[in-house]
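Written out below as structure tokens is the structure these notes cover.
The values are calculated or read from the model by the stated rules, or taken from the named source; none is laboratory data. Remember, predicted model here, so these are calculated numbers, not experimental data. So basically every Cβ, Gly included, is an ideal-geometry build from the backbone, and we count neighbours across all protein chains shown.
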Amino acid sequence: MIELCHVYKTYPGAIHALRNVDIHIKKSEFVFITGPSGAGKTTLFRMLAGFDQPTSGKLQVAGFDLNKLTTLQKPYFRRKLGVVFQDFKLLKDQTAIENIAMPLVIRGEKKSRSLELASVFLQKVGLENRQDIKTESLSGGEQQRVALARAIIHQPDIILADEPTGNLDQERSEEIMNLLEFCTQSGMTVLVTTHDSDLVRRRKQRIISIKNGEVVRDGRA
Ligand SMILES: Nc1ncnc2c1ncn2[C@@H]1O[C@H](COP(=O)(O)OP(=O)(O)OP(=O)(O)O)[C@@H](O)[C@H]1O
Ligand SMILES: [Mg+2]
């Protein structure tokens, strides 16, 4: 489902954000990407999501060759992904439920049907009492949960969640992780970056650790 072969990403000024990264992830796998701040986790996610290209190396995601993704292919590729950005990227002047419904509306689903399904996902992330509040007025943790619900509502093949529990307390983090793990049961492949080593240890999932842009470990807790 995800194949990286000898992937390098170098930013101007000789900043080597990723070096010789080889990662192979199968359908329905759940994988944590860990590593200290500045290790290259977000850089990796940006490339997997097709927002950026490797400086060198091969990158295949969901059957698309990301080294030569055409403008025409891009929207089809994006539909296969659900992305939770580290900084959420919500539409601030829209309500929680409208944000969550957005991926369906974009795909041409009727607004009423989209909102109906969005309310189911609001419940899944424990935000049913925040439905009609604009996201600019929500707390960081609430915004994070809106971002997650928006990422999974269209049943993507792959979920890329960059620090999805960064603003949550332990109890809420566990709920969100349960939800993400549950997604793999319906065939989704889930990648989660996190700093939270205790959380990772409790989950017993595959862990890929990155340090200074290199994979330093790939295995189970
Ligand atoms: N657009 C950019 N231009 C130049 N350097 C960049 C750019 N984006 C990231 N970097 C650098 O690449 C390295 C990896 O950054 P990245 O954001 O991937 O780290 P991270 O592991 O996500 O960190 P954090 O845990 O703090 O989110 C850092 O040294 C960062 O300064
Ligand atoms: Mg990051």
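What are the residues in segment 45-80 that are more than 16 Å from ligand 2 (Cβ to nearest atom) and among the charged types (D, E, K, R), if any? Answer for segment 45-80, where residues must be more than 16 Å from ligand 2 (Cβ to nearest atom) and among the charged types (D, E, K, R): Lys58, Asp65, Lys68, Lys74, Arg78, Arg79, Lys80. Among residues of segment 81-101 being buried (at least 18 other Cβ atoms within 10 Å of the Cβ) and more than 12 Å from the chain's Cα centre (by Cα), the one that is nearest to ligand 2 (Cβ to nearest atom) is Leu90. Mind listing just one residue for me: the one in segment 163-180 that is of a type in the set (Asp, Glu) and either at pLDDT 95 or above or in a loop (DSSP other than H, G, I, E, B) (or both) and, of those, nearest to the chain's Cα centre (by Cα)? The selected residue is Glu163.
Among the conditions (1) crowded, with 17+ Cβ neighbours inside 10 Å; (2) more than 16 Å from ligand 1 (Cβ to nearest atom); (3) hydrophobic (A, V, I, L, M, F, W, C), the only one that Leu48 does not satisfy is (2). Only one entry in Ile23, Ile33, Ile106 is more than 16 Å from ligand 2 (Cβ to nearest atom), of a type in the set (Val, Ile, Thr) and surrounded by 19 or more Cβ atoms within 10 Å (Cβ to Cβ), namely Ile23. Checking each residue of segment 185-192 against the condition of being surrounded by 14 or more Cβ atoms within 10 Å (Cβ to Cβ), at pLDDT below 90, within 16 Å of ligand 2 (Cβ to nearest atom) and over 20 Å from Ser119 (Cβ atoms) gives no match. Taking segment 1-109 and the strands (runs of 3 or more DSSP E) fully enclosed by it, the elements with 3 or more residues that are under 23 Å from Ser197 (Cα atoms) and either at pLDDT 95 or above or touching a Pro at 6+ places or on another chain (Cβ under 6 Å) (or both) are at 15-25, 30-34.
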